[in-house]
1. Roughly how many nanometres apart are two label points built 7 Å out from the Cα toward the Cβ at Gln152 and Val36?
2. Using a 1.4 angstrom probe on heavy atoms only, work out the carbon and sulfur share of the accessible area of segment 1-61 in %.
3. Taking the Cα atoms of the chain alone, what are Rg (to one decimal) and Dmax (as a whole number) in Å?
4. Determine which residues of segment 132-150 fall in the zone a paramagnetic label at His117 would reach in this model, i.e. backbone nitrogen under 19 Å from the point 7 Å along Cα→Cβ.
5. Would you please classify the overall shape of segment 79-137 from the alpha carbon gyration tensor, given that a ≥ b ≥ c denote the square roots of the eigenvalues, rounded means a/c under 1.5, and beyond that prolate means a/b larger than b/c while oblate covers the rest?
6. So which aspartates and glutamates can Lys150 reach, going by Cα to Cα under 19 Å and dropping same-chain residues fewer than 8 places off?
7. Return one quarter of the surface area of the convex hull spanned by the alpha-carbon atoms of segment 115-177, equal to its mean projected area, in nm².
8. Quantify, in whole percent, the carbon and sulfur part of the accessible surface of segment 94-167 (1.4 Å probe; protein heavy atoms only).
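The values are calculated or read from the model by the stated rules, or taken from the named source; none is laboratory data. Since we're looking at a predicted model, the values are computed, not measured. Please note: Cβ atoms are built from the backbone with ideal geometry, for glycine as well, and neighbour counts cover all protein chains shown. Heavy atoms of the whole protein, side chains included, go into the accessibility calculation; ligands, DNA and RNA do not. Shrake-Rupley method; radii C 1.70, N 1.55, O 1.52, S 1.80 Å.
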Amino acid sequence: MAEGAVLLRGFARSFETDVIADIGAIVAQAPFRHMVTPGGHSMSVAMTNCGGAGWVTDRTGYRYDANDPAAGKPWPAMPASFRALAGLAAAEAGFADFSPDACLINRYQPGARMSLHQDRDERDLGAPIVSVSLGLPAIFLFGGLKRSDKPQRYRLEHGDIAVWGGPARLNFHGVAPLADGEHVLMGRQRINLTFRKAR
Ligand code: MD6
Ligand code: FE
């Protein structure tokens, strides 16, 4: 997609059985919820997390938190299938020894979207981000280092993984409103896993 940003088509397909089962177990412990932005808007994407640090937003701002604020206890542990997949994808994209401590799980139902943003809440911007798409296809908007840079559009399908870091680590990006449909394994939704080294 750009220097430092690689799209690995279908890379997660061979992991899908374990990964989908593990998502179910995480969501049973830490259900999807619509978080509120500092500006007071409820996000159309529903979120949960696993791993030692979970990304959260509320009226006070964005942060990583070891605890699920809704439950007052730690986020579920990161499953072995997630760690293996993220590490292999990062290595394939040229980032060796990626060991994420955070996995944000995003659920898009038809109409849900994510506006252009930068991922800049992580302490270590030297580590890449590994982003796994499951379920319904989505149009991923990938811009430049300035919000005003016109984004390119990529259709991300079930099993595709985007890895980015290095010179692309702070590029603006977002997701266009999800079109309705039915996916054979995932039903009427798109799930995105984003792995990061947060701390
Ligand atoms: C999504 N992804 O694909 C939202 N961020 O649902 C992201 O915000 C994202 O895919 C950083 C790197 C890769 C991503
Ligand atoms: Fe992002």
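1. 3.9 nm
2. Numbers: 1590 of 2870 Å².
Within segment 1-61, the accessible surface is 55 percent carbon and sulfur.
3. Rg then Dmax for the chain, in Å: 15.4, 41.
4. 132-134, 138-149
5. Because a/c hits 1.5 or more and a/b fails to exceed b/c, segment 79-137 counts as oblate.
6. Within reach: Glu3, Asp119.
7. Value for segment 115-177: 4.3 nm².
8. Values: 1590 of 3360 Å².
For segment 94-167, the apolar C and S fraction of the accessible surface comes to 47 percent.
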